[in-house]
1. I need every pair where a residue in region 120-138 that is closer than 23 Å to residue 248 by Cα has its Cβ under 9 Å from the Cβ of a residue that is small (Gly, Ala, Ser) and part of a strand (DSSP E or B), sequence separation at least 6 or different chains.
2. Could you check residue 252 against (1) surrounded by 19 or more Cβ atoms within 10 Å (Cβ to Cβ); (2) closer than 12 Å to residue 163 by Cα and say which number it fails?
3. Take the conditions outside any strand (DSSP E or B) and within 20 Å of residue 23 (Cα to Cα) and apply them to residue 104. Does it pass?
4. Of the residues that sit in region 136-182 and are part of a loop (DSSP other than H, G, I, E, B) and among the β-branched types (Val, Ile, Thr), which one is surrounded by the most Cβ atoms within 10 Å (Cβ to Cβ)?
5. Under 7 Å between Cβ atoms, which residue pairs at least 6 apart in sequence (or on different chains) link something in region 246-269 that is over 27 Å from residue 50 (Cα atoms) with a partner that is of a type in the set (Ser, Thr, Tyr) and assigned to a loop (DSSP other than H, G, I, E, B)?
6. Which one is farthest from the chain's Cα centre (by Cα) among residues in region 79-134 that are among the polar types (S, T, N, Q) and over 18 Å from residue 30 (Cβ atoms)?
7. So residue 222 ticks every box in (1) surrounded by fewer than 19 Cβ atoms within 10 Å (Cβ to Cβ); (2) of a type in the set (Gly, Ala, Ser); (3) free of Cβ contacts under 8 Å to residues at least 60 places away in the same chain but one. Which box is left unticked?
Amino acid sequence: MRCLMMLWAVTTLLGAQEHWMFLDNGKVRVGINLNAGGSIGWLSKSHSPDNLLNSYDHGRYVQQSFYGDADGSDWNGKPWRYNPVQGGSWKGVPAVLLEHKETATDSYVKTQPRQWASGVLVEDMVMEQWLRLEGDLVHVRYRMRYSGTLTHKARHQEMPAVFVTPRLDTLVFCEKQSGEIQRKQPGQGNEYFHTREPWAAWVDAQDEGVGIHFPGTDFLTAYRVRKTGKGDVSYVAPLRTLALKPGFELEYRVVLVLGKLERMRQVFQTLPPSAPKN
């Protein structure tokens, strides 16, 4: 949900060297950056050089990010809050990768995140990510454990944050009240939408792009950043309103799919509309 501040000069903040690990099953290619907490930063067709995601800084990627109360931190002159991010901080300091396993079609990472604004290592939170390729679908399971002593106010939490290439400029979803398919081109501020079906997609003029299925969630936010050059991006995140408190644990699952909108909708209709049990 860090939107308007995406206009800062990020070119000075990209100090960490990238370390990519790819899975490719002949249908879809997925990449995680081990120097960004194992966050997902590449999604394309098999062996394609055309990445549909955006990983321009450590706040991008498809990744976990949580929000708590103000903590006195400062993000480029803006007062910020408790905000552990799987990838790392806004100055490019990566999160700490605690564990990494992989097979030909699966990967697992365990990460200690960093505060987005201060870059301080978050010792009271651990994030886990399981990724599995099944055909041309990317199944992702996330888990977060908060061991802190503070109880934060309930806030919108990204389930997860999803950043894609800016050429995918049209957000498509099924609007909750009418049940009709909506096409939106949000501005630089967060816009909010209620969905009847648990999915959304960013597509281009040919109706091709990236979709995400998010069972158990019916609310999302989105924005687009334009006219900044390499900082341009399209963003969407399913949202749940949750409070971080001592002993809090959260697990959820999403599915990523790419291709034509019609085909993505067909796939979404075959997936469970409710969140599976942990």
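1. Pairs that qualify, where the first residue is closer than 23 Å to residue 248 by Cα and the partner is small (Gly, Ala, Ser) and part of a strand (DSSP E or B), are 120/73; 129/39; 129/107; 130/107; 131/107.
2. Evaluating residue 252 over (1) surrounded by 19 or more Cβ atoms within 10 Å (Cβ to Cβ); (2) closer than 12 Å to residue 163 by Cα leaves (2) as the failure.
3. yes
4. The selected residue is 165.
5. Close Cβ pairs (under 7 Å, with a partner that is of a type in the set (Ser, Thr, Tyr) and assigned to a loop (DSSP other than H, G, I, E, B)) amount to 246/149; 246/151.
6. 118
7. Failing condition for residue 222: (1).
Conditions (1) within 19 Å of the chain's Cα centre (by Cα); (2) closer than 25 Å to residue 25 by Cβ, marked per residue:
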{"site": "199", "(1), (2)": "yes, yes"}
{"site": "249", "(1), (2)": "yes, no"}
{"site": "266", "(1), (2)": "no, yes"}
{"site": "271", "(1), (2)": "no, yes"}
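The values are calculated or read from the model by the stated rules, or taken from the named source; none is laboratory data. Model, not experiment: these values are computed from the prediction. All Cβ positions, glycine included, derive from the backbone under ideal geometry; neighbour counts span all protein chains shown.
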